[in-house]
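Worksheet for the structure shown next.
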Amino acid sequence: MRNTARWAATLALTATAVCGPLTGTALAAPDSLYAPSALVLTVGHGDTAALATPARAVTLTCAPTSSGSHPAAAAACAELRGVGGDFDALAGRDDVMCTKEYDPVVVTVDGVWQGRRVSYERTFANECVKSTHGTSLFTF
């Protein structure tokens, strides 16, 4: 049941992020053509997304401009563009010391990046380790 709720929430947020820019005048006459980039990011406590209940979820739209409910949308989009949308290529920060406490945090990303469907899941040892991965994408 938890997995069903996660997918329902992800689908609803993805639909809002992808279809939101298509309302009003944007649907009638777009100013430019671009590959859509709209993502839903979730974070929850647990070893896998299937076992974790999402604690927070944000939307991130990177084309044509940075927007969404992500607190640092512009920085997160710039970070993703810098690695070509490869979430595994995001570098961790070395200037932060984290405890070795194991309290797993799982992050998921679902949606579209530059016109290509993406689905990503990563489990971090704890919240501190998650916050050091990349600079702004997973800090929400």
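With respect to the conditions (1) hydrophobic (A, V, I, L, M, F, W, C); (2) part of a strand (DSSP E or B); (3) more than 17 Å from E127 (Cα to Cα), V106 lacks only one, and its number is (3).
For residues in region 74-95 being over 17 Å from G111 (Cβ atoms) and hydrophobic (A, V, I, L, M, F, W, C), which is modelled with the lowest pLDDT?
My answer is A91.
For region 93-103, does any single residue satisfy the condition of being closer than 21 Å to G68 by Cα, open to solvent by 50 Å² or more (accessible area, probe 1.4 Å) and of a type in the set (S, T, N, Q)? No, the conditions are met nowhere in region 93-103. Every listed requirement among (1) surrounded by fewer than 19 Cβ atoms within 10 Å (Cβ to Cβ); (2) modelled with pLDDT of 85 or more is met by V43 save one, (1). Among residues of region 87-104 that are basic (K, R), those with a beta-carbon under 8 Å from a residue that is open to solvent by 70 Å² or more (accessible area, probe 1.4 Å) at least six positions away or on a different chain give the pairs R93/T135. Per the listing L41, L137, L80, L60, the residue uniquely in a loop (DSSP other than H, G, I, E, B) and in contact (Cβ under 8 Å) with a residue 40 or more places away in the chain is L137.
P71: part of a loop (DSSP other than H, G, I, E, B) and either open to solvent by 20 Å² or more (accessible area, probe 1.4 Å) or modelled with pLDDT of 85 or more (or both), yes or no? Judged against the criteria, P71 is a match. Restricting region 51-68 to residues that are surrounded by fewer than 18 Cβ atoms within 10 Å (Cβ to Cβ) and at pLDDT below 90, the residue that is farthest from S136 (Cα to Cα) is L51. Selection over region 55-86 of residues that are within 17 Å of A35 (Cβ to Cβ), in contact with a strand residue (DSSP E or B) (Cβ under 6 Å, 6 or more places away or on another chain) and not β-branched (V, I, T) gives a count of 4.
Filtering region 112-131 to residues that are buried (at least 19 other Cβ atoms within 10 Å of the Cβ) and touching a Lys or Arg at 6+ places or on another chain (Cβ under 8 Å) leaves only F124.
The values are calculated or read from the model by the stated rules, or taken from the named source; none is laboratory data. Note that the structure is predicted; figures quoted are calculated from it, not measured. Neighbour counts are summed over all protein chains in view; Cβ atoms, including those assigned to glycine, are modelled from backbone coordinates with ideal geometry. What goes into the accessible areas is simple: the full protein's heavy atoms, side chains included, and nothing from ligands, DNA or RNA. Shrake-Rupley method; radii C 1.70, N 1.55, O 1.52, S 1.80 Å.
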